[in-house]
1. Which of the residues that make up region 143-158 are in a helix (DSSP H, G or I) and crowded, with 17+ Cβ neighbours inside 10 Å?
2. Out of (1) assigned to a helix (DSSP H, G or I); (2) without any contact (Cβ under 8 Å) to a residue 24 or more places away in the chain; (3) not hydroxyl-bearing (Ser, Thr, Tyr), the odd one out for residue 188 is which?
3. Test of understanding: among 205, 171, which residue is of a type in the set (A, V, I, L, M, F, W, C), assigned by TED's automatic domain parsing to the domain that holds residue 304 and farther than 30 Å from residue 129 by Cα?
4. Against the definition (part of a loop (DSSP other than H, G, I, E, B), on the phi > 0 side of the Ramachandran plot and either of a type in the set (A, V, I, L, M) or crowded, with 21+ Cβ neighbours inside 10 Å (or both)), how does residue 210 come out, yes or no?
5. Taking the options 183, 212, name whichever one is small (Gly, Ala, Ser) and under 30 Å from residue 245 (Cα atoms).
6. Within region 159-166, identify whether any single residue is in a helix (DSSP H, G or I), free of Cβ contacts under 8 Å to residues at least 24 places away in the same chain, on the phi < 0 side of the Ramachandran plot and exposed (fewer than 13 other Cβ atoms within 10 Å of the Cβ), and answer yes or no.
7. Kindly evaluate residue 14 against the criterion of being touching a Ser or Thr at 6+ places or on another chain (Cβ under 6 Å) and hydroxyl-bearing (Ser, Thr, Tyr).
Amino acid sequence: MSSLRQFSGTQPLYTLAADGELTNNQSGIKYRPNNKVGFYQSINADGSWSSEKLSPGYTVSIGWDNFTRVFTDEGIQKPFFAIFVWTVIFSILTVILTVAVGMILACLVQWESLKGKAIYRVLLILPYAVPSFISILIFKGLFNQSFGEINMMLSALFGIKPAWFSDPTTARSMIVIVNTWLGYPYMMILCMGLLKAIPDDLYEASAMDGAGPFQNFFKITLPLLIKPLTPLMIASFAFNFNNFVLIQLLTNGGPDRLGTTTPAGYTDLLVSYTYRIAFEGGGGQDFGLAAAIATLIFLLVGVLAIVNLKATRMKFD
């Protein structure tokens, strides 16, 4: 007799044995705890663990295993070191280009013979007033491979359409170009202030000796600007070392690398690589490995902070 007031009988899906073995009451498959990964898994005929895992898992202590995996597992080691090298190169290139562009533009807008200097200053500093995430999304549209204005212009002028998002080299070039645009106004403002502190007597004495603008720049301006800029350049390096927003919004780390056990792309920085391991892993989220890499990043940035402090002390001593 059936009724809405009656409930069908229920029984648990799994039965736990005294030795810790789980048995699926429907299929009869037996699962044992794998204390290396913290999941219950069945055992294959050859004695190896099957790929099927019962979720949720349980907490296990693995010590330094995640740190060891970074340096011994080829599927992690190769992308990790490749991404680390790219992160360093990206940070160095960004610092060099932003300082160079900012310094040159600061010298130009401070040029006495230039008319309308105030207008040029406002226009050149304007990118600094726009929130970076808005600028990045605008550039993502401009660099669109099919409909972006940049490719349309390059196609009309030179007959080329670079694959900005699918080719590793052009994707990295795009990242550096966009980050230079975002960073040069800050360096330009700093250089404009430092230029006012350089005594005019130095340039007057140089003019009497017959020196030209280029000699003045390399013999007077550049040496007097680089020293006070050094701590800020180190800080800029540390910031770009962890520039997650740029990578996440512009390329999301792509194009992806092949043959890796963790999600990794050619434009990934260490910080975005860590994020993808923690939240975008195709084989499941690996918070332990992500935490290990985050710890390594913390140590690297800590070293940069110490170097920055020493550079600052040298400046004031």
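1. 150, 151
2. (2)
3. 205
4. So residue 210 fails the test.
5. It is 183.
6. no
7. no
Let's see how each residue does on (1) hydrophobic (A, V, I, L, M, F, W, C); (2) in contact with a Ser or Thr (Cβ under 8 Å, 6 or more places away or on another chain); (3) outside the structural domain of residue 291 (by TED's automatic domain parsing):
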residue: 73; (1), (2), (3): no, yes, no
residue: 76; (1), (2), (3): yes, yes, no
residue: 79; (1), (2), (3): no, yes, no
residue: 85; (1), (2), (3): yes, no, no
residue: 89; (1), (2), (3): yes, no, no
residue: 101; (1), (2), (3): yes, yes, no
residue: 104; (1), (2), (3): yes, no, no
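The values are calculated or read from the model by the stated rules, or taken from the named source; none is laboratory data. Given the structure is predicted, the values throughout are model-derived calculations rather than measurements. Neighbour counts are summed over all protein chains in view; Cβ atoms, including those assigned to glycine, are modelled from backbone coordinates with ideal geometry.
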